[in-house]
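Undergrad: Pasting in a structure now, in structure tokens, and then I'll have a few things to ask.
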Amino acid sequence: MNEVPNSTAFADKEITLPAGHQPVKVGRIGVLLLNLGTPDGTGYWPMRRYLKEFLSDERVIEEPRWKWWPILNLIILTVRPARKGRDYATIWNNEKNESPIKTISRSQAEKLAERLKDEKGIIVDWAMRYANPTTESRILALKDQGCDRILLVPLYPQYAAATTATACDHAFRTLMKMRWQPAVRAAPSYHDDPAYIDALARSIEQSLAKLDFKPEKIIATFHGMPQKYLEKGDPYHCQCQKTSRLLREKLGIADERWLTTFQSRFGNDPWLQPYTDKTVESLAKSGTKKIALVAPGFSADCLETLEELNVENRHIFESNGGEKFAYLPALNDSPEGIDVIEAVVRRELMGWI
């Protein structure tokens, strides 16, 4: 068989293919940032599609399908889309017609790409586990651009089966359908990474300096999960506690002034405790007048921080006697936030670059 060059060279690589073979692009490295997801709009049907995909994930809801299906489809997806749509509308980025997590995720990818521009042959992209842009579409796009190696970076500092694992599951399902798979790595959790703790501490110090009051209590609030997931062996609770301890120590804040809580519980089963909303209410009723909340487990601000923490919990605190309330922003696409992502990515790309 006569062979002729029929390829595009990337990163000093070129392969020779048989005549008539489709061009093949190789030699590049893809970095794919992964976050939770967002509805495409605040109306009933976009919200319903998003919630159905999210709440149908067996990593998220570990209930028997026969039990969960009627609850989800006949009750939750009937009433919850409209209510959550109203919540999303309060934080929606109307200029871009998207939720903040999508705006921030795009910016994180763009700023990381700028940080890595001197590394030859790296392409940075971003995707969501639920809704758009889909993980599958971005993996295929990276492969089409010549990425024969892809680093998956779930932007969850603390590992949980319902976040990190399902993000990787979704990526692996895409690989299962590919004739020619890229080599893939998945970045591990970075809950105790010095770069992460340092960046959080710097960000919190900057936010506290902008306040016109000194909080009597600072609450580090993490997304909750059912208690039974911890009992089944999920490391999430332990990693959250370690992050919180390291962060408090880095900031030099006294133990009695720092609290660790869990938010966003759903359903009737016990979740990780203490609950954020109950703690905020209790502090206000017991005479605490000034508090600040920070959410170290969120790499980007979203509904759970901008609406649940900064609106709902603010209302709880102020309506029960509290006077000064602050939510300290997530790392987002700040220089500190990109410092963390860059540190994780450069570490996990060792041997590839």
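Each value in this text was obtained by applying a stated rule to the coordinates, not by laboratory testing. Please read all numbers here as calculations on a predicted model, not as lab measurements. Neighbour counts are summed over all protein chains in view; Cβ atoms, including those assigned to glycine, are modelled from backbone coordinates with ideal geometry.
Undergrad: What percentage of all Cα-Cα pairs in the stretch 183-227 are separated by more than 14 Å?
TA: Tail of P(r) above 14 Å: 70 percent of Cα pairs.
Undergrad: Could you tell me how many degrees, from 0 to 90 and to the nearest 10, lie between the Cα long axis of helix 236-251 and the main elongation axis, the longest principal axis, of the Cα atoms of the chain?
TA: 70
Undergrad: Please give every one of the lysines within straight-line cross-link reach of Lys289, meaning a C-alpha to C-alpha distance under 19 Å, and leave out same-chain neighbours fewer than 8 residues apart.
TA: Straight-line reach from Lys289, under 19 Å: Lys210, Lys214, Lys217, Lys278, Lys324.
Undergrad: Here's a follow-up. Can you work out the base-10 log of I(q)/I(0) for the stretch 42-91 at q = 0.19, 0.23 1/Å, using the Debye formula on its C-alpha atoms alone?
TA: Evaluating at q = 0.19, 0.23 Å⁻¹ gives log10 I(q)/I(0) of -0.60, -0.80.
Undergrad: Return the distance in nm (one decimal) between the two label points of a simple spin-label model at Lys285 and Leu211, each offset 7 Å from Cα along Cα→Cβ.
TA: Output for this residue pair reads 2.3 nm.
Undergrad: Still on this structure: Taking the highest mean first, how do the peptides 257-263, 291-297 order by number of other beta carbon atoms within 10 angstrom per residue?
TA: The most tightly packed comes first, giving 291-297, 257-263.
Undergrad: Here's a follow-up. Filter the cross-link list Lys52/Lys228; Lys84/Lys285; Lys143/Lys228; Lys52/Lys232; Lys143/Lys250 down to pairs whose alpha-carbon distance in this structure exceeds 31 Å.
TA: Over 31 Å Cα-Cα: Lys143/Lys228; Lys143/Lys250.
Undergrad: Quick one: Cα convex hull volume of the stretch 194-328, Å³ per residue?
TA: In the stretch 194-328, the Cα convex hull volume per residue is 110 Å³.
Undergrad: Given Cα pairs under 8 Å that are at least 6 residues apart, what percent is the relative contact order of the chain?
TA: Contact order relative to length: 18 percent.
Undergrad: What does the convex hull of the Cα atoms of the stretch 38-133 come to per residue, in Å³, rounded to a whole number?
TA: 107
Undergrad: About its Cα centre, how strong a charge dipole does the stretch 27-99 have in debye, to the nearest 20, once Lys and Arg get +1 and Asp and Glu get -1 at the Cβ?
TA: I would put it at about 160 debye.
Undergrad: When the Cα centres of the stretch 230-302 and the stretch 75-105 are compared, how far apart do they sit, in Å?
TA: 24
Undergrad: For the chain, what's the radius of gyration and Dmax over Cα atoms, in angstrom?
TA: Looking at the chain, its Cα Rg and Dmax stand at 22.1, 84 Å.
Undergrad: Specify, per residue and in Å³, the volume enclosed by the convex hull of the alpha carbon atoms belonging to the stretch 297-353.
TA: 80
Undergrad: Which Cα, out of Leu155, Pro226, Ile338, lies furthest along the positive dipole direction of the chain (beta carbon charges, K/R +1, D/E -1)?
TA: Looking along the dipole axis, the top candidate is Pro226.
Undergrad: Which of Ser203, Ser56, Ser99 ends up with the largest GNM mean-square fluctuation for the chain, with Cα atoms connected below 10 Å?
TA: Comparing Ser203, Ser56, Ser99 in a Gaussian network model of the chain, the most mobile one is Ser56.
Undergrad: Another question, if that's okay. Hey, what angle do you get for helix 135-144 against the long axis of the chain, alpha-carbon based, 0 to 90 degrees rounded to 10?
TA: The answer is roughly 30 degrees.
Undergrad: Follow-up question, since we're still on this one. For the Cα atoms of the chain, what angle does the longest principal axis make with the long axis of helix 335-348, in degrees from 0 to 90, nearest 10?
TA: 50
Undergrad: Further question on the same structure: Dipole size in debye (nearest 20) for the chain around its Cα centre, Lys and Arg Cβ +1, Asp and Glu Cβ -1?
TA: With Lys and Arg at +1 and Asp and Glu at -1, about 520 debye.
Undergrad: Additional query: Over all alpha-carbon pairs in the stretch 123-164, figure out the percentage whose distance exceeds 15 Å.
TA: So the portion of pairs separated by more than 15 Å is 47 percent.
Undergrad: With +1 on the Cβ of every Lys and Arg and -1 on the Cβ of every Asp and Glu, and nothing else charged, how large is the dipole of the stretch 194-328 about its Cα centre, in debye rounded to the nearest 20?
TA: Rounded to the nearest 20 debye, it is 360 debye.
Undergrad: Toward the positive end of the charge dipole of the stretch 42-91, about the Cα centre and with charges on Cβ (Lys, Arg +1; Asp, Glu -1), which of Ile76, Thr42, Ile61 goes farthest?
TA: Checking the options against the dipole of the stretch 42-91, the answer is Thr42.
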